[in-house]
Amino acid sequence: MKRVALSLSALAFAAAPAMADGCSSYKSQRTAAAEPVRYVTDSHDAATIVDVASAAGSFETLIAAAKAADLAGALMGEGPLTVFAPTDDAFAALPEGTVETLLLPENKDQLASILKLHVIAGAKVTSDQLAGTTTQAETLNGTVTIDGTDGVTVNGATVIAADVMASNGVIHVIDTVLLPES
């Protein structure tokens with residue numbers, strides 16, 4: 001198993017600036033049975049990860065969770081960041097009441113812990129770097145296994161849209177919320 005050298009501090013949300021390249025489309029690693037998610041912004045030169053996710057319209061829960069955990073500002077920082085972004089459907093698949101409970105102010109630390117598992121800081125990891133490999137990468141809250149040998153999965157969550165570029169990094173859309181090991 002190849003190990004990616006992406007070891008990062010849990011507080012290192014903002015790193016050296018990185019501008020997005022080739023933002024006109026995304027590469028789909030594996031398509032879901034449902035209608036594919038579309039991502040449209042007028043200018044990726046200034047659109048941060050939060051801007052791109054907000055414009056997509058299918059990440060309302062993720063954006064609300066990032067705001068509740070006081071992480072939205074960090075996701076708007078300079079980057080580079082790689083974000084594995086669960087869709088609203090992924091959050092809806094959690095047991096009933098989970099999202100509502102996590103959004104309570106007293107659960108802010110637990111929510112932040114979950115969201116940080118979805119972020120690699122200091123690197124913009126694209127699907128072409130993952131193709132044909134199995135890799136472990138350090139997120140802001142532990143190690144994830146990324147398998148790029150048959151499409152791309154992250155800890156078993158399927159990447160349903162890859163390489164959605166933003167000015168401060170890249171988004172890979174996933175179909176499952178990643179949860180820290182207990």
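The values are calculated or read from the model by the stated rules, or taken from the named source; none is laboratory data. All figures in this text were calculated on a predicted structure; none of them were measured in a lab. As a convention, Cβ positions derive from the backbone with ideal geometry for all residues, glycine included, and neighbour counts pool all protein chains shown. Heads up: the accessible areas ignore ligands, DNA and RNA and are worked out on the full protein's heavy atoms, side chains in. Shrake-Rupley method; radii C 1.70, N 1.55, O 1.52, S 1.80 Å.
Here's the yes/no breakdown for (1) of a type in the set (Asp, Glu); (2) within 22 Å of residue 104 (Cβ to Cβ); (3) free of Cβ contacts under 8 Å to residues at least 12 places away in the same chain:
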| position | (1), (2), (3) |
| --- | --- |
| 47 | no, no, no |
| 55 | no, no, no |
| 58 | no, no, no |
| 74 | no, yes, no |
| 78 | yes, no, no |
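From 85, 74, which residue is at pLDDT 95 or above, hydrophobic (A, V, I, L, M, F, W, C) and closer than 19 Å to residue 171 by Cα? Answer to the selection: 85.
When restricted to residues that are open to solvent by 70 Å² or more (accessible area, probe 1.4 Å) and not in a helix (DSSP H, G or I), segment 60-102 contains 6. Within segment 110-117, the presence of at least one residue that is closer than 17 Å to residue 54 by Cα and in contact (Cβ under 8 Å) with a residue 40 or more places away in the chain is confirmed. Is it true that some residue in segment 26-46 is open to solvent by less than 20 Å² (accessible area, probe 1.4 Å), modelled with pLDDT of 50 or more and out of contact with any Cys (no Cβ under 7 Å at 6 or more places or on another chain)? No. Any idea which residue in segment 103-117 is nearest to residue 61 (Cα to Cα), counting only those that are open to solvent by 20 Å² or more (accessible area, probe 1.4 Å) and not in a helix (DSSP H, G or I)? Top of the filtered list is 103. Each residue in segment 139-182 was checked for being open to solvent by 20 Å² or more (accessible area, probe 1.4 Å) and touching a helix residue (DSSP H, G or I) at 6+ places or on another chain (Cβ under 9 Å), and 7 of them qualify. Counting the residues of segment 125-138 that are small (Gly, Ala, Ser) and open to solvent by less than 50 Å² (accessible area, probe 1.4 Å) gives 2.
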